[in-house]
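> Before anything else, here's the structure in question.
Every number in this text was worked out from the coordinates using simple rules, so none of it is lab data. A quick note: this is a predicted structure, and the numbers were derived from the prediction, not measured. Reconstructed Cβ throughout: ideal geometry from the backbone, glycine too, with neighbour counts over all protein chains shown.
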Amino acid sequence: MTAIACSGLRIELRDRVLLDNIDFAVRRGELIGIVGANGAGKSTLFKALIGLLAPTAGQITLAGQALRTFAPERRARLLAYLAQGHVAHWPLSVRETVALGRLPHGPGDRNTAAIDDALEAADLSHLAGRNVLSLSGGERARTMLARALAVGPAVLLADEPLAALDPAHQLRIMALLRAQAGAGMAVGVVLHDLPLAARFCTRLVLLHEGRMLATGTPAEVLSDTMLTQAFGICAARFQLEGSELPLPWQLTPQAPQRRSTM
Amino acid sequence: MTCRLAPPALFGLLLSLAASSLFTGYVDMSPQHLLHGALSGEPIPQRILIDIRLPRTILCLAVGSALGLTGAAMQGLLRNPLAEPGLLGVSGGAALGAVLALYTGFADTFYLALPLAGFTGTAIAIGVVFALAGRRTGTTTLILAGVAVSSLCGALISLVLNWSPNPTALSEIVFWMLGSLADRSSHDVELALPFIALGALLLLGCGRGLRALTLGEETAHSLGVDLARLRVRVLIGSALAVGAAVSVSGSIGFIGLVAPHLMRPLAGGDPARLLPLSALAGAALLTAADLAVRLLHNTGPELKLGVLTALVGAPFFLALILRTRQEAA
């Protein structure tokens with residue numbers, strides 16, 4: 001069952017086309033990875049899908065219904081979003097931060113089990129009383145993910161949940177997202193780590209300069225041709241447990257030089 | 001993290017401060033005598049208690065809570081512990097309106113002309129901030145527009161002082177700007193209280209939105225918070241509460257900054273719980289300051305309330321920052 005989908009999606013901002021002609025859907029039980037170079041439009045796509053950016057053209061549907069027809073709180077109950085950067089401005093406790101996920105359920109919500117489950121799933125129960133500003137980067141990333149899980153959504157969109165995390169935390173978060181998909185959630189995740197994307201995601205979407213370059217299984221999307229075209233890189237490949245994992249190895253020699261901004 | 005005893009303790013403190021405020025003044029009369037006299041209809045105790053001290057006390061509570069509450073709401077909206085009611089031009093507009101009324105003589109035309117002018121000034125300043133920042137722009141634009149409007153109000157006040165026709169007018173304007181709640185009547189209460197109450201209601205209803213904003217604007221949006229509406233609500237609530245407060249009291253600094261800072265540890269950092277706590281703390285601080293003004297009075301003119309809050313507030317705030325930095329280190 002399709003949980004969230006867009007067709008012919010086009011986003012313009014001040015006459016600049018950020019996304020054009022994007023068609024893709026996330027079904028329940030799927031973990032879809034969105035990959036692409038910096039500036040390819042991955043975060044823009046998620047911002048459009050949560051209704052933060054209005055499409056210039058095209059349709060977005062959530063649970064089969066046009067996104068723009070949703071009341072904000074109803075949309076928020078179905079669709080959780082984990083923003084980049086894991087921002088927290090005030091010294092709330094971990095539990096209170098996770099409890100923010102229950103906000104869309106209204107002031108009468110008494111579902112403390114959802115908060116407990118989210119804390120448990122992210123292995124945070126022992127940190128529940130800690131000040132969120134005093135956590136390490138990995139703990140904070142897990143707190144923010146637990147906050148999104150506490151919503152109890154049908155769809156979860158996570159924008160670079162692995163940024164700046166150590167390998168153990170990266171594995172933990174990916175395993176957690178995979179488990180959520182396994183339990184019936186539709187999960188979309190923006191990733192830069194290609195081996196992890198190939199290992200954990202059921203399908204991948206490759207964006208390049210605001211357009212969809214490829215979509216399909218990790219093996220189809222992360223082919224040599226696609227990697228050269230989208231990133232200008234070649235990958236070393238290795239086989240593990242039946243899947244082929246691409247390890248970014250060197251810049252493609254004939255690729256047009258990317259000018260550094262440094 | 002949160003102290004459940006804080007609200008009742010604060011409330012108790014507030015009640016005792018209010019009672020002290022009612023029974024402290026320049027006429028030496030015991031509380032029993034005053035209360036008994038006022039209740040049995042004796043003209044002098046009645047005049048002292050009902051006509052002079054009661055309005056002053058009510059205004060202390062109302063203005064203090066308006067400043068504290070607005071400070072907390074602004075800090076929550078802008079996610080900046082340095083935000084205060086003056087930041088978005090709210091108090092600057094009120095001061096300019098009142099100063100213009102004093103300068104042109106409009107203030108003397110009828111009884112409530114001065115506060116009305118202050119209030120109009122706030123409304124215009126907020127209108128301009130809105131027009132500059134627009135409904136759909138971000139927080140930074142809002143702050144920049146507020147700073148620009150505040151500066152313009154400051155410059156225009158200086159211009160009025162510059163052109164002041166005579167020293168009497170000049171001193172009248174300056175004294176008003178220093179901020180005071182002396183010699184206010186029940187008419188001032190009637191003018192300010194409804195607007196402060198309405199503004200406070202609007203602000204107290206922003207708790208959920210401000211709490212969601214803890215995690216940034218994108219996450220707040222994804223949690224179903226309408227950010228444009230939240231911004232408008234905080235701005236209008238602040239304009240009503242602080243506009244009315246400054247109109248009757250003149251400029252009173254630091255309460256809006258210090259009250260949320262004092263209460264943040266008790267609120268466990270939660271911007272929603274911080275709102276009512278800061279209102280209580282603001283009321284307590286201003287009532288205590290006004291009480292101090294009366295107790296410190298010896299001879300000559302009374303120390304202005306705004307001067308005292310700034311004199312005590314600034315070093316106090318500095319100490320608070322230093323302590324927080326030490327704790328963080």
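> Can you give the three extents of the C-alpha atoms in region A:57-113 along their principal axes, from longest to shortest, in whole Å?
Between the extreme Cα coordinates on each principal axis of region A:57-113 lie 41, 30, 16 Å.
> For B:Leu320 and B:Arg47, FRET efficiency with R0 = 56 Å and r from the beta-carbon atoms, rounded to 0.05?
0.85
> On to the next question. Scan around A:Leu19 for amide H atoms under 5 Å from its own, H built in the peptide plane at 1.01 Å from N, and keep only partners 5 or more places away or cross-chain.
A:Ile11
> For A:Ala235, enumerate residues with amide H under 5 Å from its amide H, sequence gap 5+ or separate chain, H modeled in the peptide plane.
Long-range HN contacts for A:Ala235: A:Trp249.
> Using only Cα atoms, locate the centre of region B:242-314 and the centre of region B:156-235, then give the distance between them in Å, rounded to an integer.
After rounding, the separation between the Cα centres reads 14 Å.
> If we count other beta carbons within 10 Å of each Cβ, what is the order of B:Tyr103, A:Tyr81, B:Tyr26, fewest first?
B:Tyr26, B:Tyr103, A:Tyr81
> Right, here's the next one. Taking only C-alpha pairs under 8 Å that are 6+ residues apart, what is the relative contact order of chain A in percent?
24 percent
> Ok, one more. Find the relative contact order for chain B and round it to a whole percent, using C-alpha pairs within less than 8 Å whose residues are 6+ positions apart.
30 percent
> Something else now. For the pair B:Val27/A:Ser136, report the inter-label distance in nm, with labels modelled 7 Å from Cα in the Cβ direction.
So the label points at B:Val27 and A:Ser136 sit 7.0 nm apart.
> Shifting gears a bit: Mind telling me which of B:Leu59, B:Leu15, B:Leu257 comes out most flexible in a GNM of chain B, alpha-carbon contacts under 10 Å?
B:Leu15
> Per residue and in cubic angstrom, what volume does the convex hull of the Cα atoms of chain B have? Can you show the working numbers first?
Working: hull volume 48.0 nm³, N = 329.
Taking the convex hull of the Cα positions in chain B, it is 146 Å³ per residue.
> Pick from B:Ser150, B:Ser158, B:Ser65 the residue whose mean-square fluctuation is largest in a GNM of chain B, springs joining Cα atoms under 10 Å.
B:Ser158
> Mind putting a number on the dipole of the protein assembly as shown about its Cα centre? Charges go on the C-beta only, +1 for Lys and Arg and -1 for Asp and Glu, and I need it in Debye to the nearest 20.
Charge dipole, the protein assembly as shown, about its Cα centre: 740 debye, nearest 20.
> While we're on this one: Name the most mobile residue of B:Gly243, B:Gly216, B:Gly313, meaning the one with the largest mean-square fluctuation, in a Gaussian network model of chain B with Cα contacts below 10 Å.
Highest fluctuation of the listed residues: B:Gly216.
> Run the simple label-point estimate for A:Arg74 and B:Leu311 please: 7 Å along Cα→C-beta, distance reported in nm.
The two pseudo-label positions are separated by 6.1 nm.
> For region A:178-193, take each phi angle, set θ = phi - 60°, evaluate the Karplus expression 6.51 cos²θ - 1.76 cosθ + 1.60, and give the result in whole Hz per residue in order, putting x for glycine and proline.
Rounded to whole hertz, the list is 4, 5, 4, 4, x, 8, x, 7, 9, 10, x, 9, 8, 9, 10, 8.
> Would you mind getting me the FRET efficiency between A:Asp224 and A:Arg199? Use the beta-carbon distance for r and R0 = 22 Å, nearest 0.05.
Efficiency for this residue pair is about 0.75.
> Give me, ordered by chain and number, the residues 5 or more places off A:Ala3 or on other chains with an amide H under 5 Å from its own placed amide H.
A:Val26, A:Arg27, A:Arg28
> If you don't mind, another one. Treat region B:176-329 as a sphere of radius equal to its Kirkwood radius over Cα pairs and apply Stokes-Einstein at 37 °C in a medium of 0.692 mPa s; give the translational diffusion coefficient in µm²/s, rounded to a whole number.
D = 191 µm²/s.
> Still on this structure: Given the C-alpha centroids of region A:22-95 and region A:107-126, what is the distance between them in whole angstrom?
Cα centres, region A:22-95 to region A:107-126: 22 Å.
> Mind listing the phi-derived Karplus ³J(HN,Hα) values for region A:137-147, rounded to whole Hz, using 6.51, -1.76 and 1.60 with θ = phi - 60°, and x for any glycine or proline?
x, x, 5, 5, 4, 5, 4, 5, 5, 4, 4
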